[in-house]
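Colleague: Would you mind keeping the following structure in view while I ask a few things?
The values are calculated or read from the model by the stated rules, or taken from the named source; none is laboratory data. What you see is a predicted model; the values in this text were computed from it and never measured. Don't worry about glycine lacking a Cβ; one is built from the backbone with ideal geometry, like all the others, and counts go over all protein chains shown.
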């Protein structure tokens, strides 16, 4: 019996030793692996979901409009803005907006049964609103290491199996779909930045104020994430389907999380 | 009775042996991947290098880890098989060039970030996915590197090769598959190759 064990131990040691060398081994073979059969072994992974796109004509036009708006308006404005304000100030503005959207994240985490996350979101809100000076800083993350859990109503619907529906490119805001676009309405009741008079206090009350606040948030965001869109755009052969696909893949992932 | 023990220990031994091999392969790949990342960080932080020189060095370091050729083929899906050999070669060349360009342009944005492997998945014997976080001061970006192990090792390539990268759930390869497919519905492969060559 002992002999068997010893033999096994030797085998184990010997063979695991070999395998650990695998990566450093000198390259000996140089065989082209262009066999189609190899490609077939990837086919199940590489299946791309067809996106329902009856509005592609409009979407294409809106994508070009947004792209132009980025180059000729949003980018120059955000560059000027970032020259005026130090990055730490802009980061605080970003934190402030993120903090104010807490009710959206809180409610949608609960709606998806993610109670622990909504509790963490509450902790973040309390910490950042008090110690973080009305949300200008994010000590919840930097000091207490509590991560944010972004959820919106579009994700909640997706969580319960609602599909995206037709893809829609929104003016300036970019790619979306019917589910996510329609979800902006219920979510608007959960923020302090909205376009209507409410029975409770909100930061903005009219469409003009709403657009002003949103534009400020957007310009601030672009100033902090400069080049992100440009770098992404570089890899597009055809911009519209490229951005559409990235959006839908990203949303699918967020819904699964 | 003894023979039952023998069989039992044999099976037990086999089990631990195979488990050991799998775990070993994963940790080796992780180690190798992180050492490559460290090499890239050293190049990025080397202030003496000019930008072009630096990017060329980064691409040179990473090329043995990426299966750009396979990515090129997969990006065309079934259309690949219909291409003539000359078109195949030309397409691969253009695609690989574009990939390298794209990678080195993205690495420019790299500043004081850290890479952590948070999970390793092995859905098949010859596939390993390293799920990593790119951690900066403000953000955490989930990037998945998908590796495959070719049946026969390729010249000047590693054992395990990256065939897809997923950034925040967006697969580079799938995005290309989708956009090329749509492009080819109305245009020819020559037009696609023209578009690719204009990009780089």
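Colleague: Checking the conditions here, which among B:134, B:141 is in contact with a strand residue (DSSP E or B) (Cβ under 9 Å, 6 or more places away or on another chain), within 12 Å of chain A (Cβ to nearest Cβ), in a strand (DSSP E or B) and within 30 Å of residue A:255 (Cβ to Cβ)?
Modeller: The conditions single out B:141.
Colleague: With the checklist (1) more than 25 Å from residue B:191 (Cα to Cα); (2) in contact with a helix residue (DSSP H, G or I) (Cβ under 8 Å, 6 or more places away or on another chain) in hand, flag the one item residue B:37 doesn't pass.
Modeller: Status for residue B:37: all satisfied but (2).
Colleague: In addition: For the range B:144-166, which positions are touching a helix residue (DSSP H, G or I) at 6+ places or on another chain (Cβ under 9 Å) and in a strand (DSSP E or B)?
Modeller: Across the range B:144-166, the qualifying residues are B:145, B:146, B:147, B:148, B:161, B:162, B:163, B:164, B:165, B:166.
Colleague: Among (1) in contact (Cβ under 8 Å) with a residue 40 or more places away in the chain; (2) more than 7 Å from chain A (Cβ to nearest Cβ); (3) under 27 Å from residue A:52 (Cβ atoms); (4) surrounded by 19 or more Cβ atoms within 10 Å (Cβ to Cβ), where does residue B:161 come up short?
Modeller: (3)
Colleague: Being touching a strand residue (DSSP E or B) at 6+ places or on another chain (Cβ under 8 Å), within 9 Å of chain A (Cβ to nearest Cβ) and either modelled with pLDDT of 85 or more or surrounded by 14 or more Cβ atoms within 10 Å (Cβ to Cβ) (or both): is that true of residue B:172 here?
Modeller: In short, yes.
Colleague: Report those helices (runs of 4 or more DSSP H) wholly inside the range A:185-257 carrying at least 1 residues which are farther than 30 Å from residue B:177 by Cβ and more than 17 Å from the chain's Cα centre (by Cα).
Modeller: Filter on the range A:185-257 gives A:207-224.
Colleague: Looking at (1) within 11 Å of chain A (Cβ to nearest Cβ); (2) under 16 Å from the mean Cα position of the chain (by Cα); (3) buried (at least 16 other Cβ atoms within 10 Å of the Cβ), can you tell me which one residue B:126 breaks?
Modeller: (3)
Colleague: Could you pull out the residue among A:151, A:145 that is farther than 17 Å from residue A:111 by Cα and out of contact with any strand residue (DSSP E or B) (no Cβ under 8 Å at 6 or more places or on another chain)?
Modeller: A:145
Colleague: If the requirement is being in contact (Cβ under 8 Å) with a residue 60 or more places away in the chain, more than 9 Å from chain B (Cβ to nearest Cβ) and under 17 Å from residue A:65 (Cα atoms), which of these qualifies: A:243, A:203?
Modeller: Every option except A:243 fails the conditions.
Colleague: Still on this model: Report yes if residue A:207 is within 25 Å of residue A:73 (Cβ to Cβ) and surrounded by 18 or more Cβ atoms within 10 Å (Cβ to Cβ), otherwise no.
Modeller: no
Colleague: Give the residue, chosen from A:125, A:137, that is touching a helix residue (DSSP H, G or I) at 6+ places or on another chain (Cβ under 8 Å) and either away from chain B (no Cβ under 14 Å) or closer than 27 Å to residue A:251 by Cβ (or both).
Modeller: A:125
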